[in-house]
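Here's the structure we're looking at; comments come further down.
The values are calculated or read from the model by the stated rules, or taken from the named source; none is laboratory data. The structure presented is a predicted model; accordingly, all values stated were derived computationally and were not measured. Every residue, glycine as well, gets a Cβ built from its backbone with ideal geometry; the counts of neighbours run over all protein chains shown. Ligands, DNA and RNA are excluded from the accessible area calculation, which covers all protein heavy atoms including side chains. Shrake-Rupley method; radii C 1.70, N 1.55, O 1.52, S 1.80 Å.
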There are 2 protein chains.
Amino acid sequence: MKWISDNNVLIVGLGLMGGSYAKALKRLGYKVYAIDRNEESISYAINENIIDDGKSFPDPELISKADAVIFALYPEAFREWIRENQQYFHEGVMITDVTGVKSSIVYDIQDMLREDVEFIPSHPMAGRELSGVKSADDKIFRNANYIVTPTKKNTKEAIEWCKSLGRILGVGKISVLSPEEHDEMIGFVSQLTHCIAVSLMTCSDDENLADYTGDSFRDLTRIARINENMWSELFLMNKDKLIEKMDVFINEFSQLKDMIKNDNRAGLCEKMKLSTKRRAWFDK
Amino acid sequence: MKWISDNNVLIVGLGLMGGSYAKALKRLGYKVYAIDRNEESISYAINENIIDDGKSFPDPELISKADAVIFALYPEAFREWIRENQQYFHEGVMITDVTGVKSSIVYDIQDMLREDVEFIPSHPMAGRELSGVKSADDKIFRNANYIVTPTKKNTKEAIEWCKSLGRILGVGKISVLSPEEHDEMIGFVSQLTHCIAVSLMTCSDDENLADYTGDSFRDLTRIARINENMWSELFLMNKDKLIEKMDVFINEFSQLKDMIKNDNRAGLCEKMKLSTKRRAWFDK
């Protein structure tokens with residue numbers, strides 16, 4: 001299957017991410033349908049011409065029109081939806097997702113899925129500190145990293161199809177990782193950083209801080225405005241890897257604290273030289 | 001003393017911050033002189049018309065011309081410079097600084113300072129992850145928070161003078177804090193955040209991370225590109241308060257970790273709701 005413009009794409013879950021996919025694909029000329037239990041999101045998206053049609057329930061007729069399906073639901077809801085509604089897919093449908101955890105859901109879903117339908121998981125590293133279809137923005141994909149996480153069950157064709165979805169969205173670097181590698185990496189670069197930002201933000205209840213702070217505190221807490229329902233689910237579904245990463249961080253942070261306590265200026269300088277060198281990788 | 005355009009301003013330490021003051025004040029029509037031990041910085045600044053004149057040593061003649069002096073040195077170098085060169089100031093000179101720690105140097109300097117010269121400390125919450133006069137940029141002051149930290153020795157006139165310096169630079173909110181309040185606050189919003197960023201950056205030596213990460217990791221580590229000599233000095237000079245803040249953070253972070261470990265979804269949601277609410281103070 002290729003991304004050709006007579007494909008019908010179904011988005012399941014029309015929030016910030018689902019809405020951003022819808023906008024991007026609509027602009028590229030695809031027929032875009034959506035299912036979201038929030039009636040208002042559907043009617044907004046139809047009125048704004050973000051989708052061609054949509055329903056607030058898993059309408060068998062709409063589902064059966066889809067050639068490609070993009071799931072932008074929370075992980076548990078995604079698994080549930082497949083279990084209950086996969087019967088309505090037509091033969092040969094290609095499915096992908098945007099879910100932020102992989103190994104805890106990908107195998108389950110592939111195992112229960114019909115033989116004539118393929119699920120190739122992916123994760124665009126894009127987002128905003130906002131939620132809902134009204135905040136959808138197809139510019140979030142530009143130059144974003146994009147990760148495809150196939151299992152042994154996936155075909156080469158599906159992997160190629162999923163990469164080409166990234167390409168037509170205009171993402172930057174496209175990588176292929178196993179679900180386990182993905183979760184290991186995401187536990188560090190995304191989940192740990194959100195845990196840090198939340199913890200930093202809950203350290204102080206001094207409202208005046210906003211009058212004193214520079215950019216550093218703002219930068220470190222930008223992501224502390226967080227969707228608690230989604231992130232608590234993501235944290236718990238990647239619990240073991242996340243806790244491992246939290247321990248690595250606590251260890252580094254405690255080393256730095258000891259150096260400060262012991263007036264170990266040489267040690268501090270070494271640490272900071274290392275952090276400066278490593279941070280440069282991200283500014284290439 | 002007022003900020004009138006026939007004032008001669010001397011900048012001591014012509015790096016990123018000193019250079020940014022120089023650019024701003026020159027643009028406003030002041031005569032700007034500078035002293036920096038780096039000959040190249042001085043000649044660059046003269047050639048680029050950032051300063052009117054400058055020397056690479058504490059030239060008594062140049063120092064005696066100054067009506068106002070802005071110190072943009074590292075804290076220990078600042079104290080040393082005053083000890084060795086204050087004899088050259090003319091009577092009534094007004095001095096301020098940009099130093100990121102206050103109680104560990106402000107009292108020392110005021111105690112050793114000549115009676116006919118006043119030092120009113122301040123701290124503009126502005127900067128860049130770059131150093132040197134070539135990176136100087138007077139736009140860094142725009143809407144930045146600016147803090148004046150007087151002691152009992154300071155006159156009302158000096159406090160007003162120092163606030164008006166902030167105003168002509170175009171800063172945003174101007175606050176007045178005691179040196180101790182400043183250090184308490186800065187230990188949290190600035191030093192703790194730099195310790196977190198450095199520790200996060202030194203957790204992993206995987207160069208490929210840059211291919212997978214989204215904005216969150218980039219945001220949390222932007223300040224991990226750090227001037228190790230300056231920051232190790234700042235950390236150690238505010239050691240007690242910084243360690244206190246580091247412990248508060250470790251405590252919050254460990255609480256979050258325990259919630260994840262114990263599948264305490266309700267607790268996680270509470271924490272994230274709190275962080276979302278508090279972060280909103282910074283987006284007004």
### Task
Could you tell me which numbered condition A:Ala158 fails, if it satisfies all but one of (1) without any contact (Cβ under 8 Å) to a residue 40 or more places away in the chain; (2) assigned to a helix (DSSP H, G or I)?
(1)
### Residue check, B:Leu209 under 30 Å from A:Val101 (Cβ atoms), touching a residue at least 12 places away in the same chain (Cβ under 8 Å) and of a type in the set (A, V, I, L, M)
no
### Message
So A:Gln191 passes all but one of these: (1) outside any helix (DSSP H, G or I); (2) buried (at least 19 other Cβ atoms within 10 Å of the Cβ). Which condition number does it fail?
### Response
(1)
### Message
Looking at (1) modelled with pLDDT under 95; (2) open to solvent by 10 Å² or more (accessible area, probe 1.4 Å); (3) within 7 Å of chain A (Cβ to nearest Cβ), which one does B:Thr213 not meet, given that it meets all the others?
### Response
(2)
### Task
Look at A:Tyr44 and say whether it is among the aromatic types (Phe, Trp, Tyr) and in contact with an Asp or Glu (Cβ under 9 Å, 6 or more places away or on another chain).
no
### Scan of the stretch A:103-119 for residues that are part of a loop (DSSP other than H, G, I, E, B) and either open to solvent by less than 10 Å² (accessible area, probe 1.4 Å) or among the aliphatic types (A, V, I, L, M) (or both), ordered by number
A:Leu113, A:Val117
### Message
Tell me the residue from B:Ile196, B:Ile147 that is touching a residue at least 12 places away in the same chain (Cβ under 8 Å), at the interface with another protein chain (Cβ under 9 Å from one of its Cβ atoms), open to solvent by less than 30 Å² (accessible area, probe 1.4 Å) and over 18 Å from the mean Cα position of the chain (by Cα), please.
### Response
B:Ile196
### Task
Mind telling me which of the residues B:Lys139, B:Lys163, B:Lys152 ends up being assigned to a loop (DSSP other than H, G, I, E, B), open to solvent by 10 Å² or more (accessible area, probe 1.4 Å), modelled with pLDDT of 95 or more and within 23 Å of B:Ile186 (Cβ to Cβ)?
B:Lys152
### Task
Would you please name the residue that is nearest to the other protein chains (Cβ to nearest Cβ), looking only at residues in the stretch A:224-252 that are over 15 Å from the mean Cα position of the chain (by Cα), under 16 Å from A:Glu180 (Cβ atoms) and not aliphatic (A, V, I, L, M)?
A:Lys239
### Query
In the stretch A:109-134, what residues are away from chain B (no Cβ under 13 Å) and at pLDDT below 95?
A:Gly132
### Task
Report, by residue number, each residue of the stretch B:187-223 that is out of contact with any helix residue (DSSP H, G or I) (no Cβ under 8 Å at 6 or more places or on another chain) and not charged (D, E, K, R).
B:Asn208
#### Entry: Wholly enclosed helices (runs of 4 or more DSSP H) of the stretch B:1-102 bearing at least 3 residues open to solvent by less than 10 Å² (accessible area, probe 1.4 Å)
B:16-27, B:75-85
### Message
Going by what's in this entry, would A:Glu207 be described as at pLDDT 95 or above and surrounded by fewer than 18 Cβ atoms within 10 Å (Cβ to Cβ)?
### Response
no
